[in-house]
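First comes the structure, then the notes that go with it.
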Amino acid sequence: MLKARVLTVSLLIMASFFSASAQSSLEDWPYEKSGVKERKVIPHRYTREGNIKYHKRIHRVIDTREKQNLPMHWPKNPFYNIIYEAGIKQPGSEGYVTPYSSDSLIMGGILTPEEVKAKGTTEFITQVPADPNNPDDIYNLVDTTITVQFEPKQIKKYRIMEDWVFDYNYSDFRPIIKAIAPLYPLIVSGVDLGEVPLFWVRMEELRPILVNEEVFNPFNDAARLSFDDWFEMRMFSSYIVKESNVWDADIKELEEFRDDGFAALLKSEEIKNDLFIFEHDVWEY
């Protein structure tokens, strides 16, 4: 009887060992990493309207090809997969976020998963031989439509909408990211029309997903950060493309910058510097 119990315990130990080994090899770590997976979202503090003495809405673009932003497309957990998968899930399913068609974030502009997938899909017409058995007959061709499915790895940039507020009660000037949109190349009839938002999602809806998704830490593999940390600590590099204005237009769409990209870039830096100066001037030294 004792031998049977010893054998049973030994088998259980071996089974747990092989199970742990399999899990470690699957995740490619020498130990089980559960720190990020068990985290919970820390909500932003309540902001009272009467305490806000200054408010400015800013739009930025994050280019993942910049060195500082490379961790966003870490091959083991790229951000484009996280946000795209969340945007094409069926309403009511786990991990679903509401995809909006514009930065207005209104209920009438909600996209369906099918509409999101269709926005990234491109079609073009080409000619192929009418007779498959005679592919060299260039005088007998027919038009055919070829559909190219959208792949999330085409996403290289993200647009974020944030509010800069000066809270008199706490005496701080802080940014709050309200929404984020992946950008994709819009191609119509073979013509590249530039990068436009695939969809917009509220950051508050996305945070419960990002808080459990790891991002690469170039300084210490044991001290993993979540994508929620990445955005909250503003570890990304970006450039300003819009500030709130009466036309609700990007800098490059304003009349004085429409044909002058360099002037638009200088305006972007001017807005960034104005925010810095405002924050500096609210204090007394």
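Miscellaneous remarks
Yes/no per residue for (1) of a type in the set (Lys, Arg); (2) more than 16 Å from Glu162 (Cα to Cα):
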site: Arg207; (1), (2): yes, no
site: Asn217; (1), (2): no, yes
site: Asn220; (1), (2): no, yes
site: Ala223; (1), (2): no, yes
site: Asp228; (1), (2): no, no
site: Asp248; (1), (2): no, no
site: Phe257; (1), (2): no, yes
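- Criterion: out of contact with any helix residue (DSSP H, G or I) (no Cβ under 6 Å at 6 or more places or on another chain), of a type outside the set (S, T, N, Q) and farther than 24 Å from Arg174 by Cβ - qualifying residue of Arg234, Arg202, Arg258: Arg258
- Answer residue from the stretch 147-176, given it is among the aromatic types (Phe, Trp, Tyr) and within 23 Å of Glu49 (Cβ to Cβ) and is surrounded by the fewest Cβ atoms within 10 Å (Cβ to Cβ) among those: Tyr170
- Near pairs, Cβ below 8 angstrom, 6+ apart or cross-chain, from the stretch 90-112 (over 22 Å from His59 (Cα atoms)) to any residue that is among the small types (Gly, Ala, Ser) and surrounded by 14 or more Cβ atoms within 10 Å (Cβ to Cβ): Gly95/Ala86; Tyr96/Ala86
- Of the residues making up the stretch 214-227, not a single one is free of Cβ contacts under 8 Å to residues at least 40 places away in the same chain and either assigned to a helix (DSSP H, G or I) or under 30 Å from Thr121 (Cβ atoms) (or both).
- Residue check for Val201: more than 21 Å from Leu70 (Cβ to Cβ), touching a strand residue (DSSP E or B) at 6+ places or on another chain (Cβ under 9 Å) and surrounded by 20 or more Cβ atoms within 10 Å (Cβ to Cβ): yes
- Just one of the numbered conditions (1) under 25 Å from the mean Cα position of the chain (by Cα); (2) closer than 26 Å to Asn69 by Cβ is not true of Phe276: (1).
- Sole exception among (1) surrounded by fewer than 17 Cβ atoms within 10 Å (Cβ to Cβ); (2) in contact with a strand residue (DSSP E or B) (Cβ under 8 Å, 6 or more places away or on another chain) for Trp230, by number: (1)
- Check on Ser189, more than 30 Å from Asp274 (Cβ to Cβ) and small (Gly, Ala, Ser): yes
- The listed residues are Pro208, Pro185, and the only one of them that is assigned to a helix (DSSP H, G or I), touching a residue at least 24 places away in the same chain (Cβ under 8 Å) and either surrounded by fewer than 17 Cβ atoms within 10 Å (Cβ to Cβ) or among the basic types (Lys, Arg) (or both) turns out to be Pro208.
- Candidate set: the stretch 85-102, residues that are assigned to a loop (DSSP other than H, G, I, E, B) and aliphatic (A, V, I, L, M); chosen: the one surrounded by the most Cβ atoms within 10 Å (Cβ to Cβ): Val97
Condition check ((1) part of a loop (DSSP other than H, G, I, E, B); (2) touching an Asp or Glu at 6+ places or on another chain (Cβ under 8 Å); (3) among the acidic types (Asp, Glu)) across all residues:
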residue	(1), (2), (3)
Ser34	yes, no, no
Lys56	no, yes, no
Ser104	yes, no, no
Glu115	no, no, yes
Thr144	no, no, no
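No lab work stands behind these numbers, since they all come straight from the coordinates. Worth saying up front: this structure is predicted, and the values here are computed from it rather than measured. Counting neighbours? That spans all protein chains shown, and the Cβs are built from the backbone with ideal geometry, glycine included.
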